[in-house]
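Engineer: What follows is a structure written as structure tokens; I'll ask about it next.
The values are calculated or read from the model by the stated rules, or taken from the named source; none is laboratory data. Values in this document were obtained by computation on a predicted structure and should not be read as measured data. Reconstructed Cβ throughout: ideal geometry from the backbone, glycine too, with neighbour counts over all protein chains shown. Accessible surface areas use protein heavy atoms only, side chains included; no ligands, DNA or RNA. Shrake-Rupley method; radii C 1.70, N 1.55, O 1.52, S 1.80 Å.
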Amino acid sequence: MDINTITEVVRHPSQRPGSGWRDGDAWLAGGTWLFSDEQPDLRRLIDLMPLGWDGLTATEAGLEIGAMCTVRRLYEFSAPDDWRAAPLFTTSCEAFLASFKVWNAATVGGNIAMSLPAGPMITMTVALEATYTLQARDGSERSVDAVDFVTGNHENILAPGELLRKIDIPAQALRKRHAHRRFTLTQLGRSTIFMIATQGEGDLLLTITAGTTRPIRLAFNSFPDVDTLRHSIESIPHDLWFDDPNGTPEHREHLAGHFAEELRGELA
């Protein structure tokens, strides 16, 4: 798609790429969504790739993912043996409605910043209790819990000119047992609902995405019984269930209840 409103592309931004931010600007990472549709409000693209924020660094504290890390690179990452939840990297990459060409260009941070209900990098990072580092226009940084970043369909907490710098996943979450369920209308279609459950020492975290306008993470300090789990699902406000051609809110709520019990049984 030719974006004929663009008059300038900044190829070599400074380490404070937002310092000169103005109306009509957009960050350019992989560009797989940006170049897929008309962007009539945009006048300038700021290319983040030259900044080199694409690393995957495993330490005793966990995994640091640079926002410019591609989906392909995450898919091919070899995790330490004791990271029991690391297969969720592969599972989440495979949840993309995308070709290998998109995998080679799309970035982890770009998928998160798009903040679509079916963004699989959002599902993965929320389920694995990640924190995001956000960089403001003046170069200052703040950290937010992944579950608090997306606020609605294509909506998030980023201020104008602010960007997602990196994602940190704690080793404690990566060592948990896990299970997941995903439903699509077609084999390679967009997720109608994508759920991940992780379990540590008797607790349970249940993450619901794609079926809701923003990620929902239900935390249980002890392993829930059938009634407790069902009540938690039923307590999700009706207006948070997403409505689009892939499923009605009622259908998605039904799937959530069904899959939640399956996940509970699998991890029991």
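Engineer: Between rounded, prolate and oblate, where does segment 1-87 land on the alpha carbon gyration tensor, with a ≥ b ≥ c its root eigenvalues, rounded for a/c under 1.5, else prolate if a/b exceeds b/c?
Structural biologist: In terms of gyration-tensor shape, prolate.
Engineer: Which GluC sites (Glu not before Pro) in segment 108-184 sit in a loop by DSSP (not H, G, I, E or B) and have at most 16 other Cβ atoms within 10 Å of their own Cβ?
Structural biologist: Qualifying residues, ordered by number: none.
Engineer: Which one of Leu134, Gly20, Leu263 has its Cα pushed farthest toward the positive end of the charge dipole of the chain, where Lys and Arg give +1 and Asp and Glu give -1 at the Cβ?
Structural biologist: Gly20
Engineer: Within segment 168-200, name every residue whose backbone N is under 18 Å away from a label modeled 7 Å from Cα of Tyr75 along the Cβ vector.
Structural biologist: Within reach of a label on Tyr75: 187-191.
Engineer: Something else now. Indicate the gyration tensor shape class of segment 80-217 (rounded, prolate or oblate), computed on the Cα atoms with a ≥ b ≥ c the square roots of the eigenvalues: a/c under 1.5 is rounded; otherwise a/b larger than b/c is prolate and the rest oblate.
Structural biologist: Oblate is the answer for segment 80-217, as a/c is 1.5 or above yet b/c matches or exceeds a/b.
Engineer: Pop the C-beta distance of Thr57 and Asn104 into the FRET formula with R0 = 22 Å and round what comes out to the nearest 0.05.
Structural biologist: With R0 = 22 Å, the Cβ-Cβ based efficiency is 0.55.
Engineer: Roughly how much of Trp21 is accessible, in Å² to the nearest 10, using a 1.4 Å probe?
Structural biologist: Surface open to solvent at Trp21 totals about 50 Å².
Engineer: How far is helix 249-267 tilted, in degrees, relative to the longest principal axis of the Cα atoms in the chain, given as a value from 0 to 90 rounded to the nearest 10?
Structural biologist: 60 degrees
Engineer: Give a residue-ordered list of calculated ³J(HN,Hα) values for segment 135-150 (Karplus: 6.51 cos²θ - 1.76 cosθ + 1.60, θ = phi - 60°; whole Hz; x for Gly, Pro).
Structural biologist: So the Karplus estimates, Gly and Pro as x, are 10, 7, 4, 8, x, 5, 10, 9, 10, 10, 5, 3, 5, 9, 6, 7 Hz.
Engineer: Once you sort the root eigenvalues of the Cα gyration tensor of segment 226-267 as a ≥ b ≥ c, which label holds: rounded (a/c under 1.5), prolate (a/b larger than b/c) or oblate (the other case)?
Structural biologist: Cα axes put segment 226-267 in the oblate bin.
Engineer: Here's something else I'd like to know. Leaving ligands, DNA and RNA out of it, work out the accessible area of Ser19 with a 1.4 Å probe and give it in Å² to the nearest 10.
Structural biologist: 70 Å²
Engineer: Counting Lys and Arg as +1 and Asp and Glu as -1, each charge on the Cβ, what is the dipole of segment 24-136 about the Cα centre in debye, to the nearest 20?
Structural biologist: Here segment 24-136 has a charge dipole of around 220 debye.
Engineer: Using the Karplus curve 6.51 cos²θ - 1.76 cosθ + 1.60 with θ = phi - 60°, what ³J(HN,Hα) values do you get for each residue of segment 160-167, in whole Hz, with x for Gly and Pro?
Structural biologist: Result, rounded to whole Hz: x, x, 7, 9, 7, 9, 7, 10.
Engineer: State to the nearest 20 debye the size of the charge dipole of the chain about its Cα centre, where the only charges are +1 on K and R beta carbons and -1 on D and E beta carbons.
Structural biologist: Here the size comes out at about 560 debye.
Engineer: Report the GluC sites (Glu not before Pro) located in segment 199-268 that are in a DSSP loop and have at most 11 other Cβ atoms inside 10 Å of their Cβ, or state none.
Structural biologist: For GluC sites (Glu not before Pro) across segment 199-268 that sit outside H, G, I, E and B with at most 11 neighbouring Cβ atoms in 10 Å, the list reads Glu201.
Engineer: Which of Phe96, Phe35, Phe242 moves the most in a Gaussian network model of the chain with Cα springs under 10 Å?
Structural biologist: Phe35
Engineer: Which of Gly189, Ser222, Thr207 sits closest to the plus end of the dipole of segment 176-250, meaning its Cα is farthest towards the positive end, when Lys and Arg get +1 and Asp and Glu get -1 on the C-beta?
Structural biologist: Going by the Cα projections, it comes out as Gly189.
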